[in-house]
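Engineer: Below is one structure. I have some questions about it.
The values are calculated or read from the model by the stated rules, or taken from the named source; none is laboratory data. Bear in mind the structure is a predicted one, so any value in this text is a computation, not a measurement. Every residue, glycine as well, gets a Cβ built from its backbone with ideal geometry; the counts of neighbours run over all protein chains shown. Remember, those area values only see protein heavy atoms, side chains included, never the ligands or the DNA or RNA. Shrake-Rupley method; radii C 1.70, N 1.55, O 1.52, S 1.80 Å.
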Amino acid sequence: MNILLKSAKIVCPENKDLHLKKRDILIKKGVIDKIGATIEAPGSVKVLEKENLHVSLGWFDSSVAFGEPGFEERETIANGLFTAGKSGFTDIVLNPNTHPVPDTSSDVVFLKERGQGKATKIHPLGTLTKNAEGVDLAELFDMRNAGAVAFLDFKKQISNPNLLKIALLYAQNFDGLVYSFPQDGDIKGKGVANEGEVSTKLGLKGIPALAEELQIARDLFILEYTGGKLHIPTISSAGSVKLIVEAKKKGLDVSCSVAVHNLFFSDETLVEFNTHFKVSPPLRTKSDCKALIKGVKNGTIDFVTSDHIPMDVEHKRVEFDNAKNGSIGLESAFGCLNTIFELDETITLLTKGRSRYQIESPKLEEGAMACLTLFNPEGEYIFGTGDILSTSKNSMFVGATLKGKVYGIINNDLSTL
């Protein structure tokens with residue numbers, strides 16, 4: 001693929017020479033051939049000019065779910081990767097929410113092969129335990145060798161503390177990253193929303209922040225004992241941020257993420273009982289949102305993720321108590337972050353995180369493989385169903401005012417422009 005990007009404003013804070021400079025970028029056969037103030041288009045090169053064109057390194061999302069195999073009606077890998085690419089993401093970590101779950105090396109190979117030949121790269125997670133049942137460890141070493149970047153029982157707590165201890169000890173033999181979903185199921189019980197004033201008014205069973213914070217505190221004690229690498233996905237409370245701060249001060253090798261929607265929405269949005277707002281962990285209070293945003297800004301929270309979870313309509317068009325958790329978020333992630341943070345912060349959040357998964361980070365320089373996201377950071381709009389590319393339409397962002405437009409990506413010598 002040969003393409004010339006004209007008058008592209010480069011947003012790359014780590015490259016001081018190019019950051020916020022307007023440049024032409026010539027790409028030949030997937031490689032950045034030349035970056036200059038003005039480049040004449042050689043023969044057989046497609047010239048691309050877009051309104052207020054901005055370019056950054058390709059974006060990375062650490063928590064994306066599709067459905068294939070087993071739940072193709074929710075999302076196939078092919079359409080999921082197309083959606084990710086059109087949303088600006090060149091790399092995604094794929095959650096193990098399939099049927100059967102990926103708990104062997106052959107399952108991981110299947111997922112990687114299904115992602116071949118696409119502009120967006122798949123980096124699959126394997127389950128931590130066999131069948132994600134929380135009893136016996138899965139084939140962690142074999143899955144790692146097959147391409148799994150970490151291990152997680154998707155949206156399930158590790159009930160047995162000794163199992164987490166063994167996993168952290170064992171994974172150190174191959175520098176593996178272990179996940180622990182932050183929710184104590186016994187305290188959560190049958191809760192469906194954040195426990196507080198809103199849930200009480202609405203008559204919804206509550207999930208206290210204690211359910212999350214107690215699990216995190218336990219896991220951090222185990223990590224301090226064992227060593228190893230622990231990732232805590234999608235925290236949602238101010239108390240969780242404090243626990244992570246304390247753990248990092250101790251020098252523990254722990255990282256965490258937050259879902260975009262937990263920064264943007266509070267539990268006050270539940271007043272209409274819209275099941276698209278039913279997620280795990282739940283939307284919490286405005287003060288929690290502020291604490292999470294502060295945690296992102298000061299680096300306590302390592303990644304922000306779309307936590308994209310397609311869900312077929314049959315599981316959402318029911319009573320709030322009976323609806324399944326999850327909202328899609330790839331298409332709205334940039335517009336949401338760009339509304340909350342300054343542009344430099346937004347792009348930093350969207351491009352960092354690969355090193356935690358031992359994924360090679362791209363470079364924006366001559367001679368490097370082109371791994372780029374193209375976008376316009378200006379212009380507010382109301383996110384609507386027409387902006388959804390996913391097979392499932394369960395987005396809580398429909399009707400929200402967002403900022404900026406994604407044009408697409410250039411990656412793997414392919415483009416979604």
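Engineer: Which residue, 43, 176, 228, has the most motion in a Gaussian network model of the chain that connects Cα atoms within less than 10 Å?
Structural biologist: The residue with the greatest mean-square fluctuation here is 43.
Engineer: Let me ask something else about it. In percent, what relative contact order does region 128-175 have, based on Cα pairs under 8 Å that are 6 or more apart in sequence? Walk me through the numbers before you get to the answer.
Structural biologist: Working: 36 pairs, mean separation 18.0, N = 48.
Averaging sequence separation for qualifying contacts and normalising by length gives 37 percent for region 128-175.
Engineer: Could I ask something else about it? Quick one: Debye curve from the C-alpha atoms of region 19-119, no solvent, what's log10 I(q)/I(0) at q = 0.18, 0.22 Å⁻¹?
Structural biologist: -0.91, -1.16
Engineer: If you count the DSSP beta bridges with both ends in the chain, what percent of them are antiparallel, to the nearest 5? Please list the in-between numbers first.
Structural biologist: On the way: 26 of 54 bridges.
The antiparallel fraction comes to roughly 50 percent.
Engineer: Further question on the same structure: Provide Rg and Dmax in Å for region 1-43, with only Cα atoms included in the calculation.
Structural biologist: Rg then Dmax for region 1-43, in Å: 10.5, 33.
Engineer: State which entries of 86/393; 29/118; 9/352; 28/50; 286/324; 34/363 exceed 22 angstrom in Cα-Cα distance in the structure shown. Walk me through the numbers before you get to the answer.
Structural biologist: Numbers: 86/393 16 Å; 29/118 15 Å; 9/352 20 Å; 28/50 19 Å; 286/324 24 Å; 34/363 13 Å.
As for pairs spanning more than 22 Å Cα to Cα, those are 286/324.
Engineer: Moving on. Heavy atoms only, 1.4 Å probe, whole protein assembly: order 347, 187 by accessible area, highest first. Before the final figure, lay out the partial values.
Structural biologist: Working: 347 5, 187 55 Å².
Putting 347, 187 in descending order of accessible area: 187, 347.
Engineer: How big is the C-alpha Rg of region 110-213 next to the rule-of-thumb value 2.2 N^0.38 Å, as a ratio?
Structural biologist: Values: Rg = 17.3 Å, N = 104, 2.2 N^0.38 = 12.8 Å.
This ratio for region 110-213 stands at 1.35.
Engineer: Given contacts defined as C-alpha pairs under 8 Å and at least six residues apart, what's the relative contact order of the chain, whole-number percent?
Structural biologist: Numbers: 1017 pairs, mean separation 79.6, N = 417.
This gives 19 percent for the chain.
Engineer: Two decimals is fine: what's Rg over Rh for region 281-354, C-alpha atoms, Kirkwood radius as Rh? Don't skip to the end; give the middle numbers.
Structural biologist: On the way: Rg = 14.6 Å, Rh = 14.1 Å.
Result for region 281-354 is an Rg/Rh of 1.03.
Engineer: Given a cut-off of under 8 Å on Cα pairs at least six residues apart, what relative contact order in percent is computed for region 305-417?
Structural biologist: Numbers: 168 pairs, mean separation 35.2, N = 113.
The value is 31 percent.
Engineer: Given bins 10 angstrom wide, list per bin the percent of all Cα-Cα distances in region 134-291, short to long.
Structural biologist: 11, 39, 31, 16, 3, 0
Engineer: In addition: Probe radius 1.4 Å, ligands and nucleic acids ignored: give me the carbon and sulfur share of the accessible area of the chain as a rounded percent.
Structural biologist: On the way: 8290 of 16820 Å².
Within the chain, the accessible surface is 49 percent carbon and sulfur.
Engineer: Counting Lys +1, Arg +1, Asp -1, Glu -1, what net charge surrounds residue 168 among other residues with beta carbon under 14 Å of its beta carbon? Working shown, then result.
Structural biologist: On the way: positive: 165, 218, 229; negative: 175, 219, 224, 253.
Overall, the nearby charge balance is -1.
Engineer: For region 1-56 and region 368-393, write down the distance between their C-alpha centroids in whole Å.
Structural biologist: Computed from Cα coordinates, the inter-centre distance equals 20 Å.
Engineer: Express in Å², to the nearest 10, the accessible area of residue 9 obtained by rolling a 1.4 Å probe over the protein heavy atoms while all chains stay in place.
Structural biologist: 70 Å²
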